[in-house]
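K.L.:
Please find one structure pasted underneath; my questions will follow.
The values are calculated or read from the model by the stated rules, or taken from the named source; none is laboratory data. The structure presented is a predicted model; accordingly, all values stated were derived computationally and were not measured. We place every Cβ from the backbone using ideal geometry, glycine too, and count neighbours over all the protein chains shown. Quick note on the areas: whole protein, heavy atoms, side chains included, nothing else; ligands and nucleic acids left out. Shrake-Rupley method; radii C 1.70, N 1.55, O 1.52, S 1.80 Å.
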Amino acid sequence: MQSRDNIILTGFMGTGKSAVGRRLAARLGRRFVDTDVLIEQEAKTSIANIFSQKGEPHFRALERATIKRICQEKAIVVATGGGTIVSEENATRLKESGTVICLTATPETIFERVRSNTDRPLLQGPEPLEKIRSLLAIRAEAYAKADMTIDTSTLDIDRVVETIISLVGKTQ
Ligand code: S3P
């Protein structure tokens with residue numbers, strides 16, 4: 001039986017998973033793992049390149065392998081990619097390894113946060129706000145698997161970190 005002491009951040013692109021995860025880990029003195037960064041380091045190229053050269057299914061396979069591996073670790077803080085928890089396999093592993101926290105934000109807030117960014121292949125091309133709305137609707141069920149949800153639309157990173165610490169303290 002695995003101990004459920006990891007803290008895992010899920011949620012859509014632009015909800016603050018990486019920034020919050022890094023600061024949360026520093027606050028708690030825990031190791032921080034950003035699965036997208038891990039995938040890029042191991043593939044020795046960017047996620048945008050993986051998508052354009054090998055396609056999304058290849059990226060999802062790398063993502064599943066990374067999740068399988070990091071879920072063996074204990075007492076870490078993990079920031080996952082926005083689509084990670086859509087996979088049943090990933091969702092099950094993540095939930096078994098710790099407390100899963102979903103960060104959310106309004107579509108408009110997400111759009112403002114990601115609009116100048118070109119390294120998110122799923123939001124490239126015309127009508128990004130519509131893409132955000134549609135993907136949020138498609139993924140709502142997957143994000144609802146999290147143990148708790150925090151809306152980051154009006155919160156700064158420190159407020160989100162403090163909220164997580166107070167919520168997780170009651171469960172771990
Ligand atoms: C994705 C989100 C990205 C990255 C990839 C796919 C998604 O991570 O994993 O571009 O499917 O939502 P962030 O949520 O950290 O931007």
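K.L.:
Could you list all residues from segment 123-149 that are of a type in the set (Val, Ile, Thr) and assigned to a helix (DSSP H, G or I)?
P.N.:
Those that are of a type in the set (Val, Ile, Thr) and assigned to a helix (DSSP H, G or I): Ile132, Ile138.
K.L.:
Do we find that Arg93 is surrounded by fewer than 16 Cβ atoms within 10 Å (Cβ to Cβ) and charged (D, E, K, R) in this structure?
P.N.:
It is false that Arg93 is surrounded by fewer than 16 Cβ atoms within 10 Å (Cβ to Cβ) and charged (D, E, K, R).
K.L.:
So which of Thr15, Thr106 ends up being within 24 Å of Leu129 (Cα to Cα) and more than 14 Å from the ligand (Cβ to nearest atom)?
P.N.:
Numbers: Thr15 fails: more than 14 Å from the ligand (Cβ to nearest atom).
Just a single option satisfies the conditions, and that option is Thr106.
K.L.:
Sticking with this one: Taking Glu56, is it under 22 Å from Leu135 (Cα atoms), charged (D, E, K, R), within 10 Å of the ligand (Cβ to nearest atom) and open to solvent by 10 Å² or more (accessible area, probe 1.4 Å)?
P.N.:
Spelling it out, Glu56 is indeed under 22 Å from Leu135 (Cα atoms), charged (D, E, K, R), within 10 Å of the ligand (Cβ to nearest atom) and open to solvent by 10 Å² or more (accessible area, probe 1.4 Å).
K.L.:
Where in segment 4-122 are there strands (runs of 3 or more DSSP E), lying fully within it, with 2 or more residues that are in contact with a Leu (Cβ under 7 Å, 6 or more places away or on another chain)?
P.N.:
Numbers: elements: 6-11, 31-34, 76-79, 98-104.
In segment 4-122, the matching strands (runs of 3 or more DSSP E) lie at 6-11, 76-79, 98-104.
K.L.:
Ile138 versus (1) without any contact (Cβ under 8 Å) to a residue 40 or more places away in the chain; (2) surrounded by 13 or more Cβ atoms within 10 Å (Cβ to Cβ): which is the lone unmet condition?
P.N.:
The failed condition is (2).
K.L.:
Only one of (1) more than 12 Å from Thr104 (Cβ to Cβ); (2) touching a residue at least 60 places away in the same chain (Cβ under 8 Å); (3) more than 10 Å from the ligand (Cβ to nearest atom) is not met by Arg133, so which one is it?
P.N.:
(2)
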